[in-house]
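J.: My structure is below; once you've seen it, I'll send some questions.
The values are calculated or read from the model by the stated rules, or taken from the named source; none is laboratory data. Note that the structure is a prediction, hence the values are computed from the model and not measured. For neighbour counting, all protein chains shown are included, and Cβ atoms are generated from backbone atoms with ideal geometry for every residue, glycine included.
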Amino acid sequence: MNNINNIIKNKGIIGGLLSVAVLSVFSLSSCKEKIDESDLYTFTGEMMIDHFENNPEQFSSYLTLLNRVKPSKRSKSTMHDLLAARGNYTCFAPTNEAIAQYLDSVKNMENPTVETTDVNLIPDSVAQEIVFNSIIQNGNNLAFKSTDFEEGALKTTNMNDRYISISYGTKTDTTATGGVTTATITYVNTYSAIVESDIEVANGCIHAIDHVLAPSNASIAGLIMNTPNTTFFGELLALTGYDLKMSKIRDLEWEERHEDELGKSDKYGTKFQCKYPEQRKFGFTVFVETNDVFEAAGIKDLETLKEYVKSHADFDDDTNHGHTTSWGDDYDNPYNWLNQFVSYHILPQSLAYNTMTTFANEYGMYASIMKNRSKTAFYVNVWEYWETIGIQRRLMKITAYRNRIGTTTTICRAINRASKYNNKMNGDYKETVDAMEIFGTDISSTNEEYGNNALNGFYYPIKGILLWNSDVPNKVLNERLRFDITSLFPEFLTNNVRQNRNEEAYIFPSDYIDNVVDMSDATKFIYLPNHRWECGGSWMNYQADEFNIQGIYDFTMKLPPVPYTGTYEIRYGINANTNRGMAQVYIGKNKNNLPAIGIPLDLRSNSGTLTDATGWVKDGTDWDANAENDKSMRNLGFMKGPKYFSQSATETGRSYDQCLRKIIYTGVLEAGETYYIRFKSVLSGTTLEFFYDYLELVPKSVYAGDVAEDIW
């Protein structure tokens, strides 16, 4: 295997990793249960700072740091003062032993800024890093308890604006009598085990940890390159230039242009208090074969990787723009074999493990039961389609599915899993295991003892070799492709907009979202989330969020790509009411000259009751009659909403008369090509709403195949 250190040195890449000595870390599986802690601390009436002061044998070093560190440069108070006041804070407090061990490890690295393990003498910057990484300001939301944990990132970042990730493991001990005991362990950011959980105080919740939280300050490429078991993939990043392409961290130019607006909020229409983005960060997600995975496939160096890719990949399809793959060493060429191999591993947004797919209001999980459900118990699979970073505009499908081992059910996530479902009209849409086929690979949530959270993204080890081949477009993606609109905007998850725990509405300027290529000054581009299940209510839309665009709007955005060239339907998801407006739709390749498609969409009325216009009739017990009604609606250009998402125990998208799909385009779409869609208001009202929830791109093999398209 080639020496990656030489390549890093030649390309000027410095990992910038800050290692933490770990005494004992247990191997973690990619598919784990949500495990409740059994040893819970009971509420005592203390403030957070009181608990630290009352337990000096455990937290005296941390208390010293809290007295030194200020919440901000302008603040005159300290973190001690902050945690002594009212509020909602989650604190992953390192014990005295954890802080001593951390400072000793940093000192032994010959860090020029740390010459002592005395917490009174370490630099302010080191003290601030330890404190800010350990605390989440929960605002108006309650602090995170262990019952709120799920495998992946917590939905609110810490004071260093970094995600804190949760994972689970086990520890086996031998008793004095020779018996064996197995204990479950909750890990924070891979290294740090929670030694005492759920210490409830008046202003939040404390979880004591045995290692300081110290996420890497390296870029995502630097972290992969410097992690011992991912060095070969790091070499591939350097050879193809993707290490440099993934070096961006923050769009400071954008923030400077919008300095006066950052984080401010305003009211639009009569209902929505909307927040302006606070920042514009860049992020990346990389799926990585470890050195062991490569070796298990017989890949030992660049030449054996090339032979493997030649035998198993299929790059010269419709997505490659008519180009023939180069098998030379021009690795920075986007049509080179290695460049295509690497680019299909990278997404241009930062995805935590639990944000790769969205659990919201999928079938069987309506709001009134979601608030009480186990985070690992879900009824049907959920999935998302993501566009990779290459010029070919290729998609990957990530599915969250249930893995049953004996009596235990765990959540796993996989890339390009081709599943079969009980999708009949009266079915339950559960995966039929006996008909299941897998062409892709499972995703590990962590990298064993190594951290996978970089300054600008995450990487995830995968269990097999990930390739674009004929199985992906023809067997995995040859299906109805339903895209939540937010999934088409990489900025949203990277900047904690989508699924944000604070349930904040956002309004976006015209230059925030790259895939929105044009937006008029009169357009109020507003995002509304509805993920707070505890409210007991739910909107009838896909993944429980939407855009509610106001003003005399006019905007153009990129459409997602299709997996192969063919005839497709483009469908627009409707949720009509009297607050809506009318929009003309335009679709084409030239974003500056798009042809109008059909007549304007009228979203103002209860569309389901306009049976003359839509043909909607409520389903009955005669499924043949229901199928005939579906055909009648299609003849009018409409479809009932999907049964896949729910609002209550009895009402799904299909049963709700205001929830429809409009077929807005039928025609040939070319793989690898970029198409645009434009929506322009045809009314003069400035508060009328344009509802924008999801689009479907559906190949003819699905909507006009030998078997009728399912209702889900």
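J.: May I ask you to list the residues in the range 655-671 that are at pLDDT 95 or above and not β-branched (Val, Ile, Thr)? Spell out the reasoning first.
T.: Within the range 655-671, the first condition is being at pLDDT 95 or above, and the residues that meet it are 661-671.
The answer is Arg661, Lys662, Tyr665, Gly667, Leu669, Glu670, Ala671.
Let's see how each residue does on (1) more than 29 Å from the chain's Cα centre (by Cα); (2) at pLDDT below 95; (3) in a helix (DSSP H, G or I); (4) within 30 Å of Asn500 (Cα to Cα):
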{"position": "Gly298", "(1), (2), (3), (4)": "yes, no, no, no"}
{"position": "Lys310", "(1), (2), (3), (4)": "yes, no, yes, no"}
{"position": "Gly322", "(1), (2), (3), (4)": "yes, yes, no, no"}
{"position": "Asp332", "(1), (2), (3), (4)": "no, no, no, no"}
{"position": "Phe341", "(1), (2), (3), (4)": "no, no, yes, no"}
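J.: One residue is enough: does the range 485-506 have a residue meeting the conditions over 20 Å from the mean Cα position of the chain (by Cα) and closer than 21 Å to Gln543 by Cβ?
T.: Residues of the range 485-506 over 20 Å from the mean Cα position of the chain (by Cα): none.
No - not one qualifying residue is present in the range 485-506.
J.: Just for the range 36-75: of the residues that are among the polar types (S, T, N, Q) and outside any helix (DSSP H, G or I), which one is modelled with the highest pLDDT? Quick ask: steps written out before the conclusion?
T.: Of the range 36-75, the ones among the polar types (S, T, N, Q) are 38, 42, 44, 54-55, 58, 60-61, 64, 67, 72, 75.
Those still in the list that are outside any helix (DSSP H, G or I) too: 38, 42, 44, 55, 72, 75.
Details: Ser38: 38, Thr42: 50, Thr44: 59, Asn55: 97, Ser72: 89, Ser75: 88.
Per the criteria, the residue is Asn55.
J.: Can you pull out the residues in the range 285-313 that are touching a helix residue (DSSP H, G or I) at 6+ places or on another chain (Cβ under 8 Å), of a type in the set (D, E, K, R) and either buried (at least 21 other Cβ atoms within 10 Å of the Cβ) or farther than 21 Å from Asp471 by Cα (or both)?
T.: Matches in the range 285-313: Glu289, Asp292, Lys300.
J.: From the set of residues in the range 649-684 that are among the aliphatic types (A, V, I, L, M) and in contact with an Asp or Glu (Cβ under 8 Å, 6 or more places away or on another chain), which is farthest from Asp317 (Cα to Cα)? Outline the logic, then answer.
T.: Taking the range 649-684 and keeping what is among the aliphatic types (A, V, I, L, M), we get 649, 660, 663-664, 668-669, 671, 677, 682-683.
Retained after the next criterion (residues that are in contact with an Asp or Glu (Cβ under 8 Å, 6 or more places away or on another chain)): 663, 671.
On the way: Ile663: 28, Ala671: 9 Å.
Applying the filter and picking the extreme gives Ile663.
J.: Being in contact with a strand residue (DSSP E or B) (Cβ under 8 Å, 6 or more places away or on another chain), under 30 Å from Thr190 (Cβ atoms) and of a type in the set (Gly, Ala, Ser) is the filter here; which residues of the range 425-453 pass it?
T.: Scanning the range 425-453 gives Gly440, Ser444, Ser445.
J.: Specify the residue that is nearest to the chain's Cα centre (by Cα); the eligible residues are those in the range 587-603 that are in contact (Cβ under 8 Å) with a residue 60 or more places away in the chain and within 21 Å of Arg634 (Cα to Cα).
T.: Ile587
J.: Hey, another quick one. Which residues, counting only those in the range 324-347, are acidic (Asp, Glu) and either touching a His at 6+ places or on another chain (Cβ under 6 Å) or more than 21 Å from Phe294 (Cβ to Cβ) (or both)? If you could, list the steps in order and put the result at the bottom.
T.: Going residue by residue through the range 324-347, those that are acidic (Asp, Glu) are 329-330, 332.
Asp330, Asp332, listed by residue number.
J.: Moving on. Do the conditions hold for Thr170, that is, is it surrounded by 13 or more Cβ atoms within 10 Å (Cβ to Cβ) and modelled with pLDDT under 90?
T.: Values: surrounded by 13 or more Cβ atoms within 10 Å (Cβ to Cβ): yes; modelled with pLDDT under 90: yes.
It is true that Thr170 is surrounded by 13 or more Cβ atoms within 10 Å (Cβ to Cβ) and modelled with pLDDT under 90.
J.: If you don't mind, another one. What residue, of Ser487, Ser538, is modelled with pLDDT of 95 or more and of a type in the set (S, T, N, Q)? Give the steps one after another, and end with the answer.
T.: Working: Ser538 fails: modelled with pLDDT of 95 or more.
Within the list Ser487, Ser538, the selection yields Ser487.
J.: Return a yes/no flag: does the range 262-274 have any residue that is touching a residue at least 60 places away in the same chain (Cβ under 8 Å), among the polar types (S, T, N, Q) and assigned to a loop (DSSP other than H, G, I, E, B).
T.: Yes, some residue in the range 262-274 is touching a residue at least 60 places away in the same chain (Cβ under 8 Å), among the polar types (S, T, N, Q) and assigned to a loop (DSSP other than H, G, I, E, B).
J.: Could I ask something else about it? Let me confirm something: among Ile209, Ile199, Ile220, Ile224, which residue is in contact with a Cys (Cβ under 9 Å, 6 or more places away or on another chain) and of a type in the set (Val, Ile, Thr)? Step through it out loud before you land on a result.
T.: On the way: Ile209 fails: in contact with a Cys (Cβ under 9 Å, 6 or more places away or on another chain); Ile220 fails: in contact with a Cys (Cβ under 9 Å, 6 or more places away or on another chain); Ile224 fails: in contact with a Cys (Cβ under 9 Å, 6 or more places away or on another chain).
Checking each option against the conditions leaves just Ile199.
J.: Can you pull out every residue in the range 671-701 that is surrounded by fewer than 19 Cβ atoms within 10 Å (Cβ to Cβ) and either among the β-branched types (Val, Ile, Thr) or closer than 24 Å to Ile549 by Cβ (or both)? Please lay out each step first, then the result.
T.: We begin by selecting, within the range 671-701, every residue surrounded by fewer than 19 Cβ atoms within 10 Å (Cβ to Cβ); these are 673-674, 682-687, 700-701.
Listed by number, the residues that qualify are Thr674, Val682, Leu683, Ser684, Gly685, Thr686, Thr687.
J.: Also, quick follow-up: Write out, first by first residue and then by second, each pair whose Cβ atoms fall under 9 Å of each other, whose residues are 6+ apart or on separate chains, and whose first residue, in the range 671-685, is over 13 Å from Leu594 (Cα atoms) while the second is in a loop (DSSP other than H, G, I, E, B) and of a type in the set (Phe, Trp, Tyr).
T.: Sorted first by the residue in the range 671-685, then by its partner, the pairs are Ala671/Tyr564; Ser681/Tyr553.
J.: Moving on. In the range 48-95, which residues are β-branched (Val, Ile, Thr) and more than 22 Å from Glu196 (Cα to Cα)?
T.: Val69, Thr78
J.: List pairs: first in the range 278-303 and under 30 Å from Thr494 (Cβ atoms), second basic (Lys, Arg), Cβ under 6 Å, 6+ apart or cross-chain?
T.: Listed by first residue and then by second, the contacts come to Lys281/Arg250; Phe282/Lys248.
J.: Within the set of pairs 6+ apart or on separate chains, which have a first residue in the range 620-649 that is more than 24 Å from Asn361 (Cα to Cα), a second that is among the β-branched types (Val, Ile, Thr) and assigned to a loop (DSSP other than H, G, I, E, B), and C-beta atoms under 8 Å apart?
T.: Pairs that qualify, where the first residue is more than 24 Å from Asn361 (Cα to Cα) and the partner is among the β-branched types (Val, Ile, Thr) and assigned to a loop (DSSP other than H, G, I, E, B), are Asn629/Val617.
J.: Here are Thr190, Thr230: which of them is modelled with pLDDT of 95 or more, within 23 Å of the chain's Cα centre (by Cα) and among the polar types (S, T, N, Q)? So that I can check it myself, show each step before the final result.
T.: Details: Thr190 fails: modelled with pLDDT of 95 or more.
Going through Thr190, Thr230 in turn, the sole match is Thr230.
J.: Another question about this same structure. Of the residues that sit in the range 553-591 and are modelled with pLDDT under 95 and of a type outside the set (Gly, Ala, Ser), which one is farthest from Thr388 (Cα to Cα)?
T.: Here the residue is Thr578.
J.: Then there's this: All but one of (1) over 28 Å from Glu479 (Cα atoms); (2) modelled with pLDDT under 95 hold for Met519, so report the exception by its number.
T.: Single failed check for Met519: (2).
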